[in-house]
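To start, the structure itself, in structure tokens.
The values are calculated or read from the model by the stated rules, or taken from the named source; none is laboratory data. Since the structure is predicted, the reported quantities are computational estimates derived from the model, not experimental observations. Counting neighbours? That spans all protein chains shown, and the Cβs are built from the backbone with ideal geometry, glycine included.
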Amino acid sequence: MLWVVGGITALCGALTYAELGAALPRSGGEYNFLTHSYHPIAGFISGWISSTIGFAAPVALAAITFGAYLTSIFPFLSKTGLAVVLIIALSLIHGTTHQRSGRLQWLFTLLKLLVIGLFCIATMLLVEQPQPIHFIPQTQDWEQIFSGAFAVALIYVSYAYNGWNAATYLTNEIENPQQNLPKILLTGTLLVMVTYVALNFVFLYATPIEAMKGKVEIGYIAAQSIFGEVGANLTGVVMAMLLVSTVSAMTIAGPRVLQVIGEDFTLFKKLAVVNGSGIPTRAIYFQSSIALIFVLTSSFETILVFSGFALALNNFFAVLGIFVLRYKQPNLARPYKTWLYPLPPILFLVLIGWTLIYIVKEKPFEAGMSLLLVVLGGIFYFVSIFLGKKIND
């Protein structure tokens, strides 16, 4: 149920972002939306969040998980070392050309979908004694579904769905974005939702929940129950390879936020510099450097909750911006309008708002650190404006 609710939340967000992205066709994602919906300071804070943790943290988490899978099979390797090598290698590749970057992403994304599909089919065929699970909640389940634990767990799931909005960060590089961006957002989010629900169903179908508690390398543990030790080792290597596409996607999308900030603020103009192929190489290397700091200094759960809260807050105000923009600019050309408006944005705001409230109650330290990051972003906005004027003068 967590994965279905998380998927519905992401889909409602995608429906809303489709309108915002078509009406405001520029790279930058929330930075672009909040700047137009509220004020440049709101856009700057959003870009600040995206550039400091919004993409660097998911890169770090996926790289750490990559290392966890491989070291569960090859214990003599270093989990941290593997994560560092992956981040550096992908940043170098994505800093070359669009063709090389795009081909790498297509290859690993297609591989990921094929492997997940085969894994799900094999599980259904091979598991002789499935775990007693059911999708429809029983009477005793409702109290748990409306509990703080479910709300906090939803931030983990929402984090896994993070990327449903990634296309909005590359709007300038999409052909005919006003027509194609909504299609990309909606079809991509639906495909990921179906894939995640199916994958987590087979994890729970094949493996006792006690065996998976507190573990990062869930796919490897589930594969042990399905295929035995040898099959699990092979699956673990494959699962590690699948995480390459996650790190790759975030390495492509995130630096485009830094690039547009560099275009708008003199102080950060060096981040807008592109190579001969139009790739913002400095922004890519800057984001990867932050990801490496996360890998080397923080735990998996701390990174996830801290950055997950900040990103959810970012998404919350971006979706709220659809109401603000419709009020402030009713005559703005909207090539796509949110289907069933205003239901999707309202549902998104209710679910994410509920999650944010419970994180403040259950994880006050991580929530406080995220809010401190927002305050620092506001301070840095005025500092950058002041120093930018000095540079121009």
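Cβ contacts < 7 Å: first residue touching a residue at least 12 places away in the same chain (Cβ under 8 Å), restricted to segment 292-303; second residue among the polar types (S, T, N, Q), any location; separation 6+ or different chain. Result?
So the pair list comes out as Val295/Thr80; Leu296/Thr80.
If we scan segment 80-91, do we find a residue that is in contact with a Gly (Cβ under 7 Å, 6 or more places away or on another chain) and of a type in the set (S, T, N, Q)?
yes
Could you identify the single residue in Gln329, Gln287 that is farther than 30 Å from Lys363 by Cβ and of a type in the set (S, T, N, Q)?
Only one candidate passes the filter, namely Gln329.
Considering only segment 205-217, state which residues are of a type outside the set (Asp, Glu), in a helix (DSSP H, G or I) and surrounded by fewer than 19 Cβ atoms within 10 Å (Cβ to Cβ).
Result: Tyr205, Ile209, Ala211, Met212.
Pick out the one residue from Leu296, Leu311 that is surrounded by fewer than 20 Cβ atoms within 10 Å (Cβ to Cβ), at negative phi, assigned to a helix (DSSP H, G or I) and not β-branched (Val, Ile, Thr).
Result: Leu296 is the single residue among Leu296, Leu311 that is surrounded by fewer than 20 Cβ atoms within 10 Å (Cβ to Cβ), at negative phi, assigned to a helix (DSSP H, G or I) and not β-branched (Val, Ile, Thr).
Can you confirm whether Leu340 is in a helix (DSSP H, G or I), among the hydrophobic types (A, V, I, L, M, F, W, C) and in contact with a helix residue (DSSP H, G or I) (Cβ under 9 Å, 6 or more places away or on another chain)?
Against the criterion (in a helix (DSSP H, G or I), among the hydrophobic types (A, V, I, L, M, F, W, C) and in contact with a helix residue (DSSP H, G or I) (Cβ under 9 Å, 6 or more places away or on another chain)), Leu340 does not qualify.
Looking at (1) at pLDDT 90 or above; (2) surrounded by fewer than 17 Cβ atoms within 10 Å (Cβ to Cβ); (3) within 29 Å of Leu186 (Cα to Cα), which is the one condition that is false for Ala333?
For Ala333, the failing item is (1).
Report yes if Leu77 is surrounded by fewer than 24 Cβ atoms within 10 Å (Cβ to Cβ), out of contact with any Phe, Trp or Tyr (no Cβ under 7 Å at 6 or more places or on another chain) and more than 22 Å from Tyr156 (Cα to Cα), otherwise no.
yes
Report yes if Thr96 is farther than 30 Å from Pro345 by Cβ, of a type in the set (Ser, Thr, Tyr) and assigned to a loop (DSSP other than H, G, I, E, B), otherwise no.
So Thr96 passes the test.
Across segment 236-284, what is the total count of residues that are within 23 Å of Phe382 (Cβ to Cβ) and not in a loop (DSSP other than H, G, I, E, B)?
The qualifying residues number 16.
Those residues that are on the phi > 0 side of the Ramachandran plot and under 22 Å from the mean Cα position of the chain (by Cα), I need them from segment 314-349; list them, please.
Within segment 314-349, no residue meets the criteria.
Among the residues in segment 223-231, are any hydrophobic (A, V, I, L, M, F, W, C), exposed (fewer than 15 other Cβ atoms within 10 Å of the Cβ) and more than 24 Å from the chain's Cα centre (by Cα)?
Yes, segment 223-231 has at least one match.
List pairs: first in segment 372-390 and within 16 Å of Glu263 (Cα to Cα), second in a helix (DSSP H, G or I) and at pLDDT 85 or above, Cβ under 8 Å, 6+ apart or cross-chain?
Tyr381/Pro40; Tyr381/Ile41; Tyr381/Phe44; Tyr381/Ile45; Ser384/Phe44
Among the residues of segment 147-194, which ones are of a type in the set (S, T, N, Q) and in contact (Cβ under 8 Å) with a residue 24 or more places away in the chain?
Matches in segment 147-194: Ser158, Asn162, Asn165, Thr168, Thr171, Asn172, Gln178, Gln179, Thr189.
Here's a check for you: in segment 150-188, which residue that is of a type in the set (Phe, Trp, Tyr) and not in a loop (DSSP other than H, G, I, E, B) is farthest from Gly308 (Cα to Cα)?
Per the stated criteria, the residue is Tyr169.
Being surrounded by fewer than 24 Cβ atoms within 10 Å (Cβ to Cβ) and of a type in the set (Phe, Trp, Tyr) is the filter here; which residues of segment 1-43 pass it?
Within segment 1-43, Trp3, Tyr38 meet the criteria.
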